[in-house]
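Asker: My structure is below; once you've seen it, I'll send some questions.
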Amino acid sequence: MNLKQVHHIAIIGSNYEASRHFYVDLLGFEVIRENFREERRDYKIDLQLDGCEIELFIIKDRPKRPSYPEALGLRHLAFRVESVDDTVRELNALGIETEPVRLDEFTEKKMTFFFDPDGQPLEIHE
């Protein structure tokens, strides 16, 4: 087997404007390509950030993401940052709420969570 790295992660959002604004304008992802798929009546936006790609599908009327208790499957996405404290200040200044900063019990590094417009948990970790 010749697996090299994760190519992309796919996320389903419910609102084109809100999701695109959050990932592109607020978090700084670059749009690689963006298409409306008539046959599926959805949008597919391919995003990139420092080699990490996200396929953002905007599909109305999807069931909400289960949260508590957590369901099987993808739990969250985590982004490495130089300073969690600085990043929290930047996110909060953009109107994005964050959970309290805490130490990862295994790495002993600072980390916290915030959420995309559809409730997908996103983590920042030093």
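Asker: Using Cβ contacts closer than 10 Å as the measure, can you line up T98, T107, T87 from fewest to most?
Answerer: T107, T98, T87
Asker: Can I ask one more? Can you sort K110, K60 from fewest to most other Cβ atoms within 10 Å of each residue's own Cβ?
Answerer: Ranking K110, K60 by Cβ neighbours within 10 Å, fewest first, gives K60, K110.
Asker: Are there trypsin sites (Lys or Arg not before Pro) in region 1-39 that DSSP puts in a loop and that have at most 13 other Cβ atoms within 10 Å, and which ones?
Answerer: Loop-located and lightly packed - K4.
Asker: Normalised by the number of residues in region 1-98, what is the relative contact order in percent for Cα pairs under 8 Å and 6+ residues apart?
Answerer: 25
Asker: Once fully extended, how much extra length lies between L49 and A71, figured as 0.36 nm per residue of separation less the alpha-carbon to alpha-carbon distance?
Answerer: Length difference between fully extended and current span is 5.2 nm.
Asker: Can I ask one more? To the nearest 20 debye, what charge dipole does region 1-105 have about its Cα centre, counting +1 at the Cβ of each Lys and Arg and -1 at the Cβ of each Asp and Glu?
Answerer: With only Lys, Arg, Asp and Glu charged at Cβ, the dipole is about 540 debye.
Asker: Rounded, prolate or oblate: which fits region 1-52, taking a ≥ b ≥ c as square roots of the Cα gyration tensor eigenvalues, rounded meaning a/c under 1.5, else prolate when a/b beats b/c?
Answerer: It is oblate, given that a/c is not under 1.5 and a/b is not larger than b/c.
Asker: At 222 nm, what value in deg cm²/dmol follows for the chain if DSSP H runs of at least 4 each add -39500 (n - 2.57) and the sum is divided by all its residues, to the nearest 500?
Answerer: Value at 222 nm, helices only: -3000 deg cm²/dmol.
Asker: Taking 1 over the mean of 1/r across every pair of different Cα atoms in region 75-126, what Kirkwood radius in Å do you get?
Answerer: The answer is 11.0 Å.
Asker: What is the fewest-to-most order of Y23, Y16 by other Cβ atoms lying within 10 Å of their Cβ?
Answerer: Starting with the residue having the fewest Cβ neighbours, the order is Y16, Y23.
Asker: List the chymotrypsin sites (Phe, Trp or Tyr not before Pro) within region 25-126 that DSSP assigns to loop and that have no more than 10 neighbouring Cβ atoms inside 10 Å.
Answerer: F106
Asker: Looking at the chain from every direction and averaging, what is the projected area of its Cα convex hull in nm²?
Answerer: 9.8
Asker: Additional query: Count neighbours as other Cβ atoms within 10 Å of each site's Cβ, and list the GluC sites (Glu not before Pro) in region 47-112 that are DSSP loop with at most 10 such neighbours.
Answerer: E82, E97, E105, E108
Asker: Something else: Going by alpha carbons, how many degrees (0 to 90, nearest 10) lie between the helix axis of 84-93 and the longest principal axis of the chain?
Answerer: 50
Only the coordinates and a few stated rules stand behind these numbers; no lab work does. The structure presented is a predicted model; accordingly, all values stated were derived computationally and were not measured. Here the Cβ is made from the backbone with ideal geometry for all residues, glycine too, and neighbour counts use every protein chain on show.
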